[in-house]
Amino acid sequence: MHHVKINNLTLKLIEKIINSKELYKAEIHKLGNGSTVLNMSNASWEGGKLVGEICMGGLGTVDFSWYDLDGHYIPSVNVYTSEPIIACMASQLAGWNVKLKKEVEKDGEMKKKVVFQSLGSGPARSKAKAEKLFEEIDYTDDSDCAVIVFETSKMPNEEVMEIIASKCGVDTKSTYAVYAPTACLTGSIQVAARIVETGIHKLHEIHFPLDVLKDGFGTTTIAPIAKDDLGAMGRTNDSISAAGMTYYTIEVEKENEPELFDLLKKAPANTSPSYGEPFLETFKKANYDFYAIDPGLFAPAQYTVTNIKTGKSITVGELNHNLLKQSYKIN
């Protein structure tokens, strides 16, 4: 699949939204420099699903299901891909910090002010390769377009789109951005749709060899929409760490299996010293400083891995319904 051009592949999903914008409740903006911006802040369920698939570079599928949270009926996603490294690490991971600064006058001095900043997801990352991670990923995208996804309520302007086009080496007329805040239906869906990616990212952090991964499948709840982005960030994180279930197939020789199965025990969210309360409470106690929170917390609740060489499987981690009900404010 290394010959697949994920930006070109994803463009088909972008065009699907544009051609049926009323169905997906999308707002389409054509900017002066020819770039296109899709506002998915008020998108439909199907629109949110497509944003999740756009993040995965068109190499993943997002389906809707439901989850029984101790008698409470909660919508959920099933996410799957047979190209987990390209779909998740080279595309879906929110790893590109896109920032636009402008000079403004303050107290008689010209100073630079950040006027737009957001972490970028999606296949444009595989063209820009602005992150150190791409030194480890054996994938190059020769697409003639670039598609990026921003989790923000602020619309990217022409200058932001020019940054994307320049870094990706494409014309601005072939540059597309999708955006929506966390506190909306699309936000809840697209973060839940990161369940497989979040699991792989944690595996990468504990030095699990990613090249043995063959397929990924994940399920988690779609967080009830919160009143603001801070609350939504808490709930969407808790969906993954308290109810997120992942399943991966790996291919390793029998003699290497025990070591990897043992390493996997370090992966679930409950192995983190920051685990135990709803994320928003943890964040408050850390004085809203992300760096004061153990990064190991950002992981699925549960992993199941099957080695297709031996047929053996292991499951590690646990679900935490009490934590999730606290987070969702469910009685």
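With the alpha-carbon atoms as the only input, what is the per residue convex hull volume for segment 149-190 in Å³? Spell out each step's value before the answer.
Numbers: hull volume 2.8 nm³, N = 42.
Each residue corresponds to 66 Å³ of Cα convex hull volume.
Divide by every residue of the chain the summed helix terms, -39500 (n - 2.57) for each DSSP H run of at least 4, and state the resulting mean residue ellipticity at 222 nm, rounded to the nearest 500 deg cm²/dmol. List each step's numbers first, then the result.
Details: 11 runs with 102 residues, N = 331.
So the calculated ellipticity at 222 nm is -9000 deg cm²/dmol.
Quick one: grab the alpha carbon gyration tensor of segment 291-331, order the square roots of its eigenvalues as a ≥ b ≥ c, and give me rounded if a/c is under 1.5, else prolate or oblate depending on whether a/b is larger than b/c. Please list the in-between numbers first.
Details: a/c = 5.05, a/b = 1.79, b/c = 2.83.
Note, shape of segment 291-331 comes out oblate.
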In the chain the DSSP beta bridges are antiparallel at a rate, in percent to nearest 5, of 75
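To one decimal place, what orientation-averaged projected area in nm² is obtained for the convex hull of the Cα set of segment 158-218?
Values: hull surface 26.2 nm².
Directional mean of the projected Cα hull area for segment 158-218 stands at 6.6 nm².
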Taking a quarter of the surface of the Cα convex hull of segment 257-331, what do you get in nm²? 6.1
Enter the Cα centre distance for the pair segment 63-96 and segment 178-248, rounded to the nearest angstrom. 6
Whichever lysines have a C-alpha closer than 23 Å to that of Lys99, once near sequence neighbours (fewer than 8 apart) are set aside: Lys30, Lys111, Lys112, Lys113, Lys127, Lys129, Lys132, Lys154, Lys167, Lys173
Rg and Dmax in Å for segment 118-239, alpha carbons only: what are they? 15.9, 41
Would you kindly derive the ³J(HN,Hα) couplings of segment 239-249 from the backbone phi angles with the Karplus curve 6.51 cos²θ - 1.76 cosθ + 1.60 (θ = phi - 60°), listing them in order in whole Hz, with x for Gly and Pro? 4, 7, 6, 9, 10, x, 10, 10, 9, 10, 9
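Which number comes out as Rg/Rh for the chain once both Rg and the Kirkwood Rh are worked out on C-alpha atoms? Please report the intermediate quantities before stating the final value.
Details: Rg = 19.7 Å, Rh = 20.3 Å.
That ratio equals 0.97.
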Value of Rg/Rh across segment 195-285 [Cα atoms, Kirkwood radius]: 1.04
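Among Leu69, Leu203, rank each residue by its count of other Cβ atoms within 10 Å, from fewest to most, as a rough exposure measure. Don't skip to the end; give the middle numbers.
Values: Leu69 18, Leu203 26.
By the 10 Å Cβ count, ascending: Leu69, Leu203.
Applying a 10 Å radius around every beta-carbon, put 167-174, 250-257 in order of their mean neighbour count, most first. Show your work: numbers first, answer last.
Values: 167-174: 17.4, 250-257: 13.9.
Descending packing order for the listed peptides: 167-174, 250-257.
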What whole number of Å gives the distance from the Cα centroid of segment 1-20 to the Cα centroid of segment 29-45? 15
What is the order of Asp63, Asp107, Asp229, fewest Cβ neighbours within 10 Å to most? Asp107, Asp63, Asp229
Pop out the ³J(HN,Hα) list for segment 270-279 in order, Karplus 6.51 cos²θ - 1.76 cosθ + 1.60 with θ = phi - 60°, rounded to Hz; leave Gly and Pro as x. 6, 7, 7, x, 8, 7, x, 10, x, 4
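What ranking do Asp141, Asp238 get, fewest neighbouring Cβ atoms within 10 angstrom at the top? Please report the intermediate quantities before stating the final value.
Numbers: Asp141 25, Asp238 28.
Neighbour counts put them in this order, fewest first: Asp141, Asp238.
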Can you work out ³J(HN,Hα) from phi for every residue in segment 309-325, in order, using Karplus 6.51 cos²θ - 1.76 cosθ + 1.60 and θ = phi - 60°, giving whole Hz and x for Gly and Pro? 6, 10, x, 8, 10, 9, 10, 9, x, 7, 7, 9, 5, 4, 4, 5, 5
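Sorted by mean Cβ packing within 10 Å, highest first, what order do the peptides 117-129, 4-16, 297-309 take?
Averaged packing, sorted descending, gives the order 117-129, 297-309, 4-16.
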Taking H as built 1.01 Å from N, whose amide H comes closer than 5 Å to the amide H of Asp294, not counting residues under 5 places away? Ser274
Lysine pairs within segment 271-331, Cα separation less than 21 Å, 8 or more sequence positions apart or different chains: 4
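Every number here is computed from the coordinates shown, using simple stated rules; none is lab data. This is a predicted model, so every value here is computed, not measured. When we count neighbours, we look across all protein chains shown, and the Cβ atoms used for this are built from the backbone with ideal geometry, even at glycine.
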